[in-house]
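Contents: one structure, followed by commentary.
The values are calculated or read from the model by the stated rules, or taken from the named source; none is laboratory data. Remember, predicted model here, so these are calculated numbers, not experimental data. Here the Cβ positions follow ideal geometry from the backbone for every residue, glycine too, while neighbour counts run over all protein chains shown. Please note that ligands, DNA and RNA were not included when accessible areas were found on the heavy atoms of the full protein model with its side chains. Shrake-Rupley method; radii C 1.70, N 1.55, O 1.52, S 1.80 Å.
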Amino acid sequence: MTENQNLYDILATGFSSRPDGACFIHADGSILTYGDLALSVGQVAALLLDRGVEPGDRVALQADKSAEAVILYLATLKAGGVFLPLNTAYTASEVRYFLTDAEPRLFIQDAAALVAEAKGSEPMAASVPRTAGDLASIIYTSGTTGRSKGAMLSHGNLAANARALHEIWGFTPDDVLLHALPIFHVHGLFVALHCAFLSGCPMVWLPKFDDVQVLAGLGKATVMMGVPTFYTRLLANPGFTREVADGTRLFISGSAPLLESTFAEFEARTGQRILERYGMSESVIITSNPLDGGRIAGSVGYALPGVDLRIADGEATGVIEIRGPSVFSAYWRMPEKTAEDFTADGYFRTGDVGRMDADGRVWISGRAKDLIISGGYNVYPKEVELILDEMAGITESAVIGLPHPDFGEAVAAVVIGSGDEAAIIAELRQSLAAYKTPKRIFFVAELPRNAMGKVQKNLLRDQYGSTFSTLP
Ligand code: AMP
């Protein structure tokens, strides 16, 4: 028989010898130890079995972030089930789609009630044995077009990524991780939690990003993981000083592109460089800037050990394709979509466009579906955005393609800031070919973002969609 590869058991190797060590440090100072965690996980796992959960059964959760939600996640793994986290922002009709598609055995909205019910009961001893290929979780992608797809991640996929990150980011039991991310997404659920579990280190556990709580938490934390908006919000607070950041050895950013201006401002303020990494639901983390050595603004770093990364068709800039131990096997019940997204030699087509330089560093220029084709020419939005972001009066930009009767698509820019539209266009034209230069600039106070800080270009395309359609 092959050795048990249950992800819960693998994670527990990091904390099982530290039952008195803190796992969650709540904002009010109360603590849940790793011993408490392991006991509750065993009790809830036993309860899940009582409720009829069998190996491979899905357990869906839509609930606010809490320690109990994490206990349910781990208990599901221990009981051999498949964890299905749902964004708390989903409406009832969206949830209905996921439940119909995934057919979970249980759908839970109150994790605390379940943990309370299990309290005092006999904990499950040994975890249900799982192989590396057995399914551990389904993560529905935040797809902006068509039906949301469920990425099927196995115990082996998640264990491989957790071990790699724990290693390359240098986690030890002496670390304290500041956790302010949501846990319905791979970033907060897998990347952050698994690093902490494998090292048996405590987490400053915040329900969400709140700059006052984060500033207080940084006094204790050695590592912070966040999305770019966490860092822009911190920088907007004058209380975020070099002294506040000094005790933290590592600031990590991902889930959306980190603006070069944020990277630079952060370094000027704290003397530290944010470590940017790149990942997605289908494979968790793919590339990372190095812990030691150069972290470069605008680059997402090197492929993780064991990850094969290439640019499609051998192009200089093109769709990033990946293969490796953490890459998911399939989309849940979508064999055709799965077949479309994998190459014949087993690489996953990420849909992100980028390039790899001679050193092996990866640079992302956007999503393939955000590529603009204007008059037959390809325009990579990032190229235009980088120039706009440097201009006086502009904080951030999103460059999109809008339907145009003559060009098919025309380039337009939505920017946070103010200025003279014609003057900005004229300035851009000095460094960009005419077909790349936006024909319109729209000024806004905020760009629409999802919970992970990603700019929702599809909403901008809808909003400004008729800009050129009324041309004579
Ligand atoms: P999700 O599956 O919701 O985690 O979204 C994954 C997508 O987020 C990727 O395919 C990228 O388009 C984007 N993404 C994640 N990290 C980065 C990053 N550091 N820079 C640019 N885009 C990123």
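Tell me which residues, restricted to the range 343-372, are of a type in the set (K, R), open to solvent by 40 Å² or more (accessible area, probe 1.4 Å) and more than 17 Å from the chain's Cα centre (by Cα).
Here is the first cut: in the range 343-372, the residues of a type in the set (K, R) are 349, 355, 361, 367, 369.
Imposing the further condition that a residue be open to solvent by 40 Å² or more (accessible area, probe 1.4 Å) reduces the set to 349, 355, 367, 369.
Within the range 343-372, R349, R355, K369 meet the criteria.
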**Request:** Return a yes/no flag: does the range 272-281 have any residue that is within 10 Å of the ligand (Cβ to nearest atom) and out of contact with any strand residue (DSSP E or B) (no Cβ under 7 Å at 6 or more places or on another chain).
**Result:** no
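Suppose we keep only residues that are out of contact with any strand residue (DSSP E or B) (no Cβ under 8 Å at 6 or more places or on another chain) and among the charged types (D, E, K, R) within the range 449-463. Which one would you say is nearest to P182 (Cα to Cα)?
Initial filter on the range 449-463 (out of contact with any strand residue (DSSP E or B) (no Cβ under 8 Å at 6 or more places or on another chain)): 450-454, 458-459, 462-463.
Within this subset, residues satisfying the condition of being among the charged types (D, E, K, R) are 454, 462.
Working: K454: 14, D462: 27 Å.
Per the stated criteria, the residue is K454.
Please pick out the residue among L189, L193 that is touching a Pro at 6+ places or on another chain (Cβ under 7 Å), open to solvent by less than 30 Å² (accessible area, probe 1.4 Å) and not acidic (D, E). Lay out the reasoning, then the answer.
Numbers: L193 fails: touching a Pro at 6+ places or on another chain (Cβ under 7 Å).
Step by step, each of L189, L193 is checked, and only L189 is touching a Pro at 6+ places or on another chain (Cβ under 7 Å), open to solvent by less than 30 Å² (accessible area, probe 1.4 Å) and not acidic (D, E).
In the range 173-184, which residues are more than 21 Å from G219 (Cβ to Cβ) and surrounded by fewer than 22 Cβ atoms within 10 Å (Cβ to Cβ)? So that I can check it myself, show each step before the final result.
Applying the first criterion (more than 21 Å from G219 (Cβ to Cβ)) to the range 173-184 yields 182-184.
Hit for the range 173-184 is P182, nothing else.
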**Fill in**
Residue pairs within 6 Å by beta carbon, gap of at least six or interchain, first lying in the range 246-272 and in the same structural domain as T350 (by TED's automatic domain parsing), second of a type in the set (A, V, I, L, M) and more than 16 Å from the ligand (Cβ to nearest atom), listed first then second, are T248/L218; T248/A221; L250/V223; E265/L235; T270/A245
**Counted residues, the range 291-324 - those being touching a helix residue (DSSP H, G or I) at 6+ places or on another chain (Cβ under 8 Å) and open to solvent by 60 Å² or more (accessible area, probe 1.4 Å)** = 1
**Asked** Quick one: how many residues across the range 232-258 are closer than 25 Å to I387 by Cβ and in contact with a strand residue (DSSP E or B) (Cβ under 6 Å, 6 or more places away or on another chain)?
**Response** 3
**Item:** Filter result (within 16 Å of the ligand (Cβ to nearest atom), buried (at least 18 other Cβ atoms within 10 Å of the Cβ) and not in a strand (DSSP E or B)) within the range 243-271
**Value:** G254, S255, P257, L258, L259, T262, F263, F266
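With the requirement that a residue be acidic (D, E), touching a Ser or Thr at 6+ places or on another chain (Cβ under 9 Å) and within 19 Å of L460 (Cα to Cα), what does the range 370-407 give you? Step through it out loud before you land on a result.
Quick first cut of the range 370-407, residues acidic (D, E) only: 370, 383, 385, 389-390, 396, 406.
Right, trim to touching a Ser or Thr at 6+ places or on another chain (Cβ under 9 Å) and you get 383, 385, 389-390, 396.
Selection gives E383, E385, D389, E396.
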**Request:** Go through the range 336-368 and give me each residue that's of a type in the set (D, E) and not in a loop (DSSP other than H, G, I, E, B).
**Result:** E336, E340, D341, D352
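Identify the residue in the range 95-130 that is open to solvent by 60 Å² or more (accessible area, probe 1.4 Å) and closer than 22 Å to H194 by Cβ and, among all such residues, is nearest to the ligand (Cβ to nearest atom). Even if it seems obvious, please write down each step before you answer.
As a first pass, look at the range 95-130 and keep what is open to solvent by 60 Å² or more (accessible area, probe 1.4 Å): 96-97, 100, 103, 105, 107, 109-110, 116-117, 119-120, 122, 125-126, 129.
Filter again for closer than 22 Å to H194 by Cβ, leaving 126, 129.
Details: A126: 33, P129: 29 Å.
Once the filter is applied, the top-ranked residue is P129.
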**Request:** Could you please find all residues in the range 322-357 being over 23 Å from V300 (Cα atoms) and among the polar types (S, T, N, Q)?
**Result:** S329, T338, T343
**Prompt:** Looking only at residues in the range 272-290 that are open to solvent by 10 Å² or more (accessible area, probe 1.4 Å) and part of a loop (DSSP other than H, G, I, E, B), which one is nearest to H187 (Cα to Cα)?
**Reply:** S281
**Message:** Within the range 187-209, does at least one residue satisfy the condition of being small (G, A, S), in contact (Cβ under 8 Å) with a residue 60 or more places away in the chain and touching a Lys or Arg at 6+ places or on another chain (Cβ under 6 Å)?
**Reply:** yes
**Complete:** If we keep only residues of the range 369-399 that are within 16 Å of the ligand (Cβ to nearest atom) and in a loop (DSSP other than H, G, I, E, B), then the residue farthest from R295 (Cα to Cα) is L371
**Asked** So which of V411, V379, V399 is at pLDDT 95 or above, in contact with a Phe, Trp or Tyr (Cβ under 8 Å, 6 or more places away or on another chain) and open to solvent by less than 10 Å² (accessible area, probe 1.4 Å)?
**Response** V411
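Going through D345, D352, D357 one at a time, which residue ends up being acidic (D, E), in the same structural domain as Y278 (by TED's automatic domain parsing) and within 12 Å of the ligand (Cβ to nearest atom)?
That would be D352, the only listed residue that is acidic (D, E), in the same structural domain as Y278 (by TED's automatic domain parsing) and within 12 Å of the ligand (Cβ to nearest atom).
Of the residues in the range 196-230, how many are assigned to a helix (DSSP H, G or I), within 16 Å of the ligand (Cβ to nearest atom) and crowded, with 23+ Cβ neighbours inside 10 Å? Explain how you work it out, then say what you get.
Let us first name the residues in the range 196-230 that are assigned to a helix (DSSP H, G or I), namely 196-199, 211-218, 228-230.
Then drop every residue that is not within 16 Å of the ligand (Cβ to nearest atom), which leaves 228-230.
If we keep only those that are crowded, with 23+ Cβ neighbours inside 10 Å as well, we get 228.
Of the residues in that region, 1 qualify.
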**Request:** Being of a type in the set (S, T, Y) and within 19 Å of A256 (Cα to Cα) is the filter here, so list the residues in the range 388-430 that pass it.
**Result:** T395, S397
**Message:** Just the residues that are open to solvent by less than 40 Å² (accessible area, probe 1.4 Å) and either touching a Pro at 6+ places or on another chain (Cβ under 9 Å) or of a type in the set (D, E, K, R) (or both), please, taken from the range 433-457.
**Reply:** K436, M452, G453, K457
**Prompt:** Which one of these does D28 not meet: (1) more than 28 Å from the chain's Cα centre (by Cα); (2) without any contact (Cβ under 8 Å) to a residue 40 or more places away in the chain?
**Reply:** (1)
**Message:** Out of the strands (runs of 3 or more DSSP E) lying entirely within the range 89-180, which hold 1 or more residues that are within 18 Å of the chain's Cα centre (by Cα)?
**Reply:** 135-140, 150-154, 177-179
